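Working notes, structure below.
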Amino acid sequence: MRFHAVCAALTATAAAAALTGCGQLTGADGGTRKVTLWLMKGSASDDFIRKFTASFEKEHPGIDLQVEIQEWTGIGAKVNAVLNGSSKESADVIEVGNTQVAQYIETGGLSEVTLEGLRAWGSKDWLKGLADPGSVNGAQYGVPWYAANRVVIYHKDLFAAAGVKEPPKTRADWIAATQKLDKGDQQGIYLAGQNWYVLAGFVWDEGGDLAVETGGQWLGTLDTEPAQAGMEFYKKLQALGDGPKGADEETPPQAEVFARGQVAQIIAPPGQAAQIEQLNPALKGKLGFFPIPGKTADKYGSVLTGGSDLIIPNRTRDRAAAVDVITALVSEKWQTELARTMSYVPNKTTLAHVVQGNEGASAMALGAAQGRATPKSARWAEVESKNPIKPYMTAALTGQDPQAAARTASQAISKVLSSDR
């Protein structure tokens, strides 16, 4: 998913310095100071980067901002090398996936930004799914930058033909509407059997979790009663279509299935609508979006939040300038520009209004208020690599004992998260 304990205590003087602009300062030799920002490929457009760089340098004379684009493949080792000082490269601010921050916190080498978050960056309004993975024991290390999550993409014509006049607001209404849509060769919803991202949201809605930490040990919790209730709802919804029970949403790609025109709904990031329209131009203008419904109408369903945080290495050459870069990136001006340009969710609940007019992004922003992240363990990436959740889901959907399958998956998760590297 890209879409992860060192504590640098700040003295009052250092904190004050960090929270003031550094643009009027010059390097030790009186010249410009170079500040390096690593951004991931595809996170921001070239036009955004050009405009942001020009604006930042204008507002901070004496600073030369260098933006370097990094590939997602192999980025973990590359970031760790910067953090531990073994790299020939350096960076002052680094964009990382929100679920990656935990592993960098464990590795060490991150600068704490709790005070900046409270005083200058509006941390009380940050999206929980971005902020929580970037903190440990009340100390913040990752700064939310942007988010993305899944919504329901639906075929407006099929909804109208079935008499479904408006998007459902509750789970019960969603099931009722999907039953009307599931008829003949038409699928009410295409939901692959191993889409564990969607399952996570249903589990959270029931008050459960994928894993919890107790007494310093992580335990998989898919076999608990709330998690089982989430799986039961998933099973009920998945049965209202022909999604494969033994494959995930990319096997085959669900956008391709939807593009054939006989699927009423899929659960996906809104950006998949563009792929669907490219595959079938006849669907252009016929796709709608709504947040995943919750158990009650007053609260949308929980969603797995993907996106990015910004971190500052302890080894930064210029912490004050790094703070200034983040201050600019998380400002309302540049959050608005990024969200509208890339159809992202801004990093704060109070900025959701900036994507009004973009139906997909607006639906995503509404759901983002109920966003969560994967368990805050540095080893969660290893769980995803082995992914015992997928075979558990298939077992539950194909009539095997769901409790036994969940217990097996939970034990596998516990083993990975609590093992020594």
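The values are calculated or read from the model by the stated rules, or taken from the named source; none is laboratory data. From a predicted model like this one, the values you see are computed outputs, not experimental measurements. All Cβ positions, glycine included, derive from the backbone under ideal geometry; neighbour counts span all protein chains shown.
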Notebook entry, point to check: Is it the case that segment 44-61 has a residue that's within 24 Å of Val345 (Cβ to Cβ) and either assigned to a loop (DSSP other than H, G, I, E, B) or touching a His at 6+ places or on another chain (Cβ under 9 Å) (or both)?
Noted result: yes
Next item on the list: Looking at (1) closer than 22 Å to Leu304 by Cβ; (2) assigned to a helix (DSSP H, G or I), find the lone condition where Thr99 falls short.
Entry: (2)
Next item on the list: Return a yes/no flag: does segment 392-415 have any residue that is within 17 Å of the chain's Cα centre (by Cα) and polar (S, T, N, Q).
Entry: no
Next item on the list: With the condition kept exactly as written, say whether any residue in segment 102-112 is β-branched (Val, Ile, Thr), in the same structural domain as Lys34 (by TED's automatic domain parsing) and surrounded by fewer than 21 Cβ atoms within 10 Å (Cβ to Cβ).
Entry: yes
Note to self: Here's a check for you: in segment 347-359, which residue that is part of a helix (DSSP H, G or I) and in contact with a helix residue (DSSP H, G or I) (Cβ under 6 Å, 6 or more places away or on another chain) is farthest from Phe289 (Cα to Cα)?
What the structure shows: Thr350
Check: Does any residue of segment 311-326 turn out to be over 25 Å from Asn137 (Cβ atoms), part of a helix (DSSP H, G or I), touching a strand residue (DSSP E or B) at 6+ places or on another chain (Cβ under 6 Å) and not basic (Lys, Arg)?
Finding: yes
Next item on the list: Check Thr336, Thr398 and return the single one that is assigned by TED's automatic domain parsing to the domain that holds Pro226 and surrounded by fewer than 17 Cβ atoms within 10 Å (Cβ to Cβ).
Entry: Thr398
Notebook entry, point to check: Does Thr73 satisfy the condition of being crowded, with 16+ Cβ neighbours inside 10 Å, part of a loop (DSSP other than H, G, I, E, B) and out of contact with any strand residue (DSSP E or B) (no Cβ under 7 Å at 6 or more places or on another chain)?
Noted result: no
Next item on the list: Among the residues of segment 207-262, count how many are closer than 22 Å to Ile175 by Cα, aromatic (Phe, Trp, Tyr) and touching a Leu at 6+ places or on another chain (Cβ under 8 Å).
Entry: 1
Note to self: Residues that are modelled with pLDDT under 95 and either in the same structural domain as Asn387 (by TED's automatic domain parsing) or charged (D, E, K, R) (or both): list the helices (runs of 4 or more DSSP H) wholly contained in segment 203-301 that include at least 2 such residues.
What the structure shows: 272-279
Margin query: Step by step: first the residues of segment 383-395, then only those that are under 15 Å from Ser419 (Cβ atoms) and at pLDDT 90 or above, then the one that is surrounded by the most Cβ atoms within 10 Å (Cβ to Cβ). Which residue is that?
Written below: Val383
Next item on the list: With the condition kept exactly as written, say whether any residue in segment 373-386 is touching a Phe, Trp or Tyr at 6+ places or on another chain (Cβ under 6 Å) and either in a helix (DSSP H, G or I) or not polar (S, T, N, Q) (or both).
Entry: no
Notebook entry, point to check: Can you tell me how many residues in segment 84-96 are closer than 16 Å to Asp309 by Cα, touching a helix residue (DSSP H, G or I) at 6+ places or on another chain (Cβ under 6 Å) and not β-branched (Val, Ile, Thr)?
Noted result: 2
